Amino acid sequence: MNYVQRNIINSFLLLTLSSLASHGFAQEKSIVVSSTTSTEQSGLFNYLLPIYKSKSGIDVKVVAVGTGQALDIGRRGDADVVFVHDKPAEEQFVAEGFSSKRYEVMYNDFILIGPKSDPAKIAGGKEIDIAFQKIAAAQSPFISRGDKSGTNAAELRYWKSAGINPTSGSWYKETGSGMGPALNTASAMNAYILADRGTWLSFKNRGDLIILVQGDPKLFNQYGVMLVNPEKFPQVKKTLGQKFIDWLISKEGQAVIASYKIDGEQLFFPNAKPSGK
């Protein structure tokens with residue numbers, strides 16, 4: 001075989017491999033899920049997604065941001081599935097035509113964290129409105145995510161219900177960050193903060209922070225999942241995205257969610273409705 005023949009064969013092999021990469025390997029089964037930071041920072045995705053991939057062969061790539069940002073990613077068609085926790089905003093997402101259906105998946109609750117010294121004297125309370133009123137009256141440092149996340153949206157609803165405009169006080173600090181970094185700030189400042197229980201249980205840098213208020217029905221934290229509308233965005237992987245949703249709300253997927261625990265404590269409680277209704 002002469003030099004010219006070898007070059008022709010090598011060129012053919014390179015073209016063949018390039019074709020395989022673009023038509024085969026590049027088409028690995030994968031989807032993009034835009035989700036809230038709590039599902040990532042709680043460790044749920046690190047636990048759940050490898051199990052799902054082993055069952056389905058589908059690689060789930062997560063973009064973890066605040067719920068508001070996650071929904072905006074869906075509105076741009078830059079995700080196949082949105083998995084968040086702000087029901088009013090999710091229902092608006094569906095009403096706007098960015099998805100045809102919202103499925104409930106699981107829940108946990110929000111908790112009010114604060115320093116052991118508890119300058120606002122809220123420890124043991126069961127009503128979030130009263131706790132917020134006491135924090136405002138004492139002008140005790142409060143850390144807000146301020147990032148349009150599901151947690152931030154819930155927090156703002158509680159301030160409104162308490163009849164307080166917290167942004168008018170210097171004691172109220174918005175970080176514009178995810179749950180983990182916001183908790184780090186609260187720990188450093190010995191401040192109060194609203195958190196989802198899942199992220200709190202996985203959070204290690206607690207300092208003097210403890211749970212002070214929990215158990216109010218208002219603190220219920222529901223998670224929902226939606227397929228981004230493929231009629232609006234043809235690039236959405238409809239079949240693969242729906243397959244992931246169907247697994248999350250299936251008996252198997254719900255059991256996996258329930259089995260995720262830290263130090264024996266369950267972080268999320270599955271509550272998908274039969275057939276996703």
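The values are calculated or read from the model by the stated rules, or taken from the named source; none is laboratory data. Everything numeric here is computed off the predicted structure, so don't read it as measured data. All Cβ positions, even for glycine, are placed from backbone atoms using ideal geometry, and neighbour counts span all protein chains on display.
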Say whether the condition of being of a type in the set (A, V, I, L, M, F, W, C), more than 15 Å from residue 112 (Cα to Cα) and in contact (Cβ under 8 Å) with a residue 12 or more places away in the chain is met by at least one residue in region 187-201. yes
Checked region 48-75 for anything among the charged types (D, E, K, R) and more than 26 Å from residue 262 (Cα to Cα); matches are 72, 75
Within region 40-64, count every residue that is surrounded by 15 or more Cβ atoms within 10 Å (Cβ to Cβ) and part of a helix (DSSP H, G or I). 9
Filtering region 134-148 down to residues that are polar (S, T, N, Q) and crowded, with 18+ Cβ neighbours inside 10 Å, which residue is farthest from residue 249 (Cα to Cα)? 140
What single numbered condition from (1) within 30 Å of residue 123 (Cβ to Cβ); (2) out of contact with any Phe, Trp or Tyr (no Cβ under 6 Å at 6 or more places or on another chain) fails to hold for residue 221? (2)
With among the hydrophobic types (A, V, I, L, M, F, W, C) and modelled with pLDDT under 50 as the only criterion, which of 45, 83, 25 stands out? 25
Subset of region 233-249, residues surrounded by fewer than 15 Cβ atoms within 10 Å (Cβ to Cβ) and not in a helix (DSSP H, G or I), comes to 234, 235
Taking region 76-86, which residues are buried (at least 17 other Cβ atoms within 10 Å of the Cβ) and under 20 Å from residue 178 (Cβ atoms)? 79, 81, 82, 83, 84, 85, 86
If you go through region 87-120 one residue at a time, how many are assigned by TED's automatic domain parsing to the domain that holds residue 158, surrounded by 15 or more Cβ atoms within 10 Å (Cβ to Cβ) and not in a strand (DSSP E or B)? 3
Only one of (1) assigned to a strand (DSSP E or B); (2) surrounded by fewer than 18 Cβ atoms within 10 Å (Cβ to Cβ); (3) assigned by TED's automatic domain parsing to the domain that holds residue 93 is not met by residue 210, so which one is it? (3)
